[in-house]
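A.B. asks: Below are the structure tokens for one structure; questions will follow.
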Amino acid sequence: PGAHLLFSLINLWPAGLLAGPAVWAAWHWRRDPRGRFLVAWLVPGWLVFEAAPAKLLHYTLPVIGALVLLGAAGLAGGAWQNRWAKWGGLVWAALGTVLVAALPLAVAEGLEGPAVPLAAALTGAILLVGLAGIVAAAANRALLAGALLALAAVGGSVGLKGLFVPAIDQLDLSRRISHELVLAGLH
């Protein structure tokens, strides 16, 4: 129990910024049918996933929509003026940014080749742009924060899936198998 809560740091990134406002909205709109619906969508589903013995990162995706809608409603309803909601979201997003930024370095540990410098560059870029977005959010610069966090998310996704993972030679099974077949004279 609690694994999916920890996974949500990565799974929600950078929307983890909405976690604090989502909790605020769930509490403040607990008597509103819309708030009750979102809480009834989120909480039982999340508890089932936490209770399940298998812990795959994507399991909570069906309930993430409720959390994001609660967070957006909280932002629209004034949650950002509440110190706990604001700083809870900022801390959650900052922790997620650090974890997501560390992923390329963690995967590249023990690797050789072009993936290693790419991992360092990608980690630095995600960390720099993501934390700049969080600082902008803390300063109530919503448009700048949104632009920076979107840039960090899209850039991180493109960098991870489009550049970093393809640069890991150990994952290029087709080339490795073909090479082994040539060496064995079976190609």
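A.B. asks: Leaving out ligands, DNA and RNA but keeping every protein chain, what accessible area does I10 have, in Å² rounded to the nearest 10, with a 1.4 Å probe?
C.D. replies: Accessible surface of I10 is approximately 60 Å².
A.B. asks: Among L151, A106, W92, pick out the residue whose Cα is farthest towards the positive end of the charge dipole of the chain, where Lys and Arg carry +1 and Asp and Glu carry -1 on C-beta, about the Cα centre.
C.D. replies: Towards the positive end, the residue furthest out is W92.
A.B. asks: Note the direction-averaged projected area, equal to a quarter of the hull surface, for the Cα convex hull of the stretch 23-97, in nm².
C.D. replies: The Cα convex hull of the stretch 23-97, projected and averaged over all directions, gives 5.4 nm².
A.B. asks: Let me ask something else about it. At a 1.4 Å probe radius, carbon and sulfur cover how many percent of the accessible area of the stretch 61-119?
C.D. replies: C and S atoms contribute 73 percent here.
A.B. asks: Which value, in debye to the nearest 20, describes the size of the charge dipole of the chain about its Cα centre when Lys and Arg Cβ atoms bear +1, Asp and Glu Cβ atoms bear -1, and nothing else is charged?
C.D. replies: Using Cβ point charges on Lys, Arg, Asp and Glu, the chain gives about 860 debye.
A.B. asks: Any idea how far apart R176 and R30 come out in nm if each label point goes 7 Å out from Cα toward Cβ?
C.D. replies: Those two pseudo-labels are separated by 5.3 nm.
A.B. asks: How high is the FRET efficiency between V107 and A76 when r is their beta carbon distance and R₀ equals 41 Å, given to the nearest 0.05?
C.D. replies: Approximately 0.65, to the nearest 0.05.
A.B. asks: Return the distance in nm (one decimal) between the two label points of a simple spin-label model at A139 and V43, each offset 7 Å from Cα along Cα→Cβ.
C.D. replies: 3.8 nm
A.B. asks: In Å², and per residue, what accessible area does the stretch 1-64 have when probed at 1.4 Å with the other protein chains present?
C.D. replies: For the stretch 1-64, the per-residue accessible area is 58 Å².
A.B. asks: What is the spin-label model distance, in nm, from A52 to S157 if the labels are put 7 Å beyond Cα along the C-beta direction?
C.D. replies: Taking the two extended label points, one gets 2.2 nm.
A.B. asks: Kindly point out which whole DSSP H helices in the chain project their C-alpha atoms 30 angstrom or further along the helix axis while averaging a Kyte-Doolittle hydropathy of 1.0 or above.
C.D. replies: 83-108, 115-138
A.B. asks: If you count, for each residue, the other Cβ atoms within 10 Å and average over each peptide, how do 160-169, 114-123 line up from highest to lowest?
C.D. replies: Answer by packing, highest mean first, reads 114-123, 160-169.
The values are calculated or read from the model by the stated rules, or taken from the named source; none is laboratory data. The structure presented is a predicted model; accordingly, all values stated were derived computationally and were not measured. Positions of Cβ are generated from backbone atoms using ideal geometry, with glycine treated the same way; all protein chains shown enter the neighbour counts. These area figures cover heavy atoms from the full protein model, side chains too; ligands, DNA and RNA do not enter into them. Shrake-Rupley method; radii C 1.70, N 1.55, O 1.52, S 1.80 Å.
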